[in-house]
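Notes follow the structure.
The values are calculated or read from the model by the stated rules, or taken from the named source; none is laboratory data. Quick caveat, the model's predicted, so the values are computed rather than measured. Glycine also receives a Cβ, built like all others from the backbone with ideal geometry; neighbour counts cover every protein chain displayed. Heads up: the accessible areas ignore ligands, DNA and RNA and are worked out on the full protein's heavy atoms, side chains in. Shrake-Rupley method; radii C 1.70, N 1.55, O 1.52, S 1.80 Å.
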Amino acid sequence: EMEKFYKLLAKWLKVKTNEILVTSGADGGLLRIFNVFADKGDDIIYLNPSYAMYPLYCQMFKAKPKPLNINLNFTNKIYFEKLLKHIKKNKPKIVAIANPNQPIETYITVEQIKRIASLTIRKNCYLIIDEAYFHFNSISALKLINKYKNIIVVRTFSKAFGLAGLRVGYCVANKKIINL
């Protein structure tokens with residue numbers, strides 16, 4: 001039955017089945033990413049405030065949290081510029097960006113995601129685009145997973161589909177990352 005689900009999900013997303021990993025919610029996907037890619041002492045960049053599991057996973061894997069503190073006064077342009085500077089001044093192993101971010105509704109565009117992906121490739125860093133709230137703004141990095149080999153898109157059926165109790169999420173990335 002999982003094979004059929006993978007095929008249907010791949011068809012719906014317009015990706016290959018070997019580019020998907022079904023997980024127990026989006027947090028299950030994030031946990032797997034941290035488990036595979038985060039080592040003790042690694043810098044992990046995420047937004048603050050944002051999803052509460054990022055700092056918890058840093059603690060679990062003894063990684064160094066490097067939150068970018070944002071506030072309601074930030075325009076999306078200011079937020080993006082601060083994010084680029086924050087990535088440049090640190091040596092992240094993972095950059096996790098909820099897009100759009102909650103509870104502060106900041107977001108980055110596809111063109112901005114491309115710029116961040118290029119920067120994080122140069123820094124030998126994985127870029128998580130957490131699209132749990134994707135359906136509420138329709139900006140997605142999904143089409144970039146094979147152009148930028150470091151992008152991992154994380155989604156869930158909990159938000160827009162109202163299926164939180166099922167605990168179904170998924171990661172979409174290039175085949176190499178999914179295999180890891």
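Under a model in which nothing but the beta-carbon of Lys, Arg (+1) and Asp, Glu (-1) is charged, the chain shows a dipole of about 680 debye around its Cα centre. Among the trypsin sites (Lys or Arg not before Pro) within segment 1-64, those in coil by DSSP and having at most 12 neighbouring Cβ atoms inside 10 Å are Lys14, Lys40, Lys62. Working note: 222 nm ellipticity from helices only, DSSP H runs with n ≥ 4, each -39,500 (n - 2.57), summed and divided by the residues of the chain, gives -11000 deg cm²/dmol to the nearest 500.
Note on segment 47-131: with charges restricted to the Cβ of Lys and Arg (+1) and Asp and Glu (-1), its dipole about the Cα centre is near 640 debye. Provide, for q = 0.11, 0.22, 0.25 Å⁻¹, the log10 of I(q)/I(0) from a solvent-free Debye sum over equal Cα point scatterers in segment 1-99. So the normalised log intensities are -0.43, -1.06, -1.20. When all alpha-carbon pairs of the chain are counted, what percent fall beyond 19 Å? Here the tail beyond 19 Å accounts for 54 percent of pairs. Near the amide H of Ile94, within less than 5 Å, lie the amide hydrogens of Ile45, Tyr126, all on another chain or at least 5 residues away, with H placed in the peptide plane. Accessible area per residue for the chain, computed on protein heavy atoms with a 1.4 Å probe, is 52 Å². Shown in residue order for segment 109-115 are the 3J(HN,Hα) couplings computed by the Karplus curve 6.51 cos²θ - 1.76 cosθ + 1.60 at θ = phi - 60°: 7, 4, 4, 5, 4, 4, 5 Hz (x for Gly and Pro).
Only one residue of Asn73, Asn124, Thr106 has its Cα farthest out toward the positive end of the dipole of the chain, where Lys and Arg carry +1 and Asp and Glu -1 on Cβ, and that residue is Asn124. Among the chymotrypsin sites (Phe, Trp or Tyr not before Pro) within segment 74-180, those in coil by DSSP and having at most 12 neighbouring Cβ atoms inside 10 Å are Phe161. Helix 2-13 axis versus longest C-alpha principal axis of the chain: approximately 60°, rounded to the nearest ten. Structure note, pairs Lys62/Lys91; Lys64/Lys89; Lys14/Lys93; Lys40/Lys82; Lys89/Lys149: Cα-Cα distances above 18 angstrom occur for Lys14/Lys93; Lys40/Lys82; Lys89/Lys149.
Just flag the GluC sites (Glu not before Pro) in segment 1-38 sitting in loop per DSSP whose Cβ has no more than 15 other Cβ atoms within 10 Å.
For GluC sites (Glu not before Pro) across segment 1-38 that sit outside H, G, I, E and B with at most 15 neighbouring Cβ atoms in 10 Å, the list reads Glu1.
For the chain, the relative contact order is 26 percent, taking Cα pairs closer than 8 Å that sit 6 or more residues apart in sequence and dividing their mean separation by the residue count. Using the empirical formula 2.2 N^0.38 Å as the baseline, the Cα radius of gyration of segment 73-150 reaches a ratio of 1.03.
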